[in-house]
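Remarks on the structure that follows.
Laboratory data are not the source of any read-out in this text; all were calculated from the coordinates shown. Remember, it's a predicted structure, so these values are computed and weren't measured experimentally. Cβ: placed from backbone, ideal geometry, glycine included. Neighbour counts: every protein chain shown.
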């Protein structure tokens, strides 16, 4: 019962964060559950449906308050995402299947999160031109990392933030849309590859917690400066990474 209470509270917090900045359930949930001694397959089983549900609810809530949604996301960027990112998820999941018992996921995810935060900090005040070739490479890397470790969201949000100035409307919607497709594709492929190792439990409590977190996040975004939230997420990610790294070398 105590473990379920912790999980429900974690889902509430993570779905609130993802509702505010577009990512959070997988990026922060994966290292936290690793610290709580869940294995990677259990983490995928738990977090992927939560991330998908959170993104779906948020897209519905955002569309109610937006006009010209289709103009925000260009068809070329969508095509690059579909063609280069989604197939890379399959490659990442296959690598996970092959090297599951050989890879130290604590250290790998810790390093990836820290590198992502460093890149974000380095480029956040710089004007960066992102060519079509760079977009293809970035989307491929995001898919590969996400399929292997669940941690592609940080790179995805970083990439979208470069190309969009209005975070509360444009970037937040684009990140949420792509993250929905990313997680949905990952879940379908994951179920296909690891179908005999999947488990779902206490889904009604998890769904209620997710729904409540989405409403809390969408309410808070109206009154809070997203820069403070992003800073808090970075601090949380760094703390999680440090603990993961220490656990990984024990």
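Data overview
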read-out: Least to most buried among 219, 122, 179, 173 (fewest other Cβ within 10 Å first); value: 122, 219, 173, 179
read-out: Fewest-first ranking of 98, 137, 160, using other Cβ atoms within 10 Å as the exposure measure; value: 98, 137, 160
read-out: Shape category assigned to the range 1-122 from the gyration tensor of Cα positions, a/c cut at 1.5; value: oblate
read-out: At 1.002 mPa s and 20 °C, Stokes diffusion of the range 2-249 via Kirkwood alpha-carbon radius, µm² per second; value: 119 µm²/s
read-out: Ranked packing of 236-247, 99-110, most packed first, by mean Cβ within 10 Å; value: 236-247, 99-110
read-out: Net lengthening on full extension, residue 103/residue 133 (0.36 nm per residue, minus Cα-Cα); value: 7.8 nm
read-out: Exposure proxy ranking, count of Cβ atoms within 10 Å, fewest first, for 185, 54; value: 185, 54
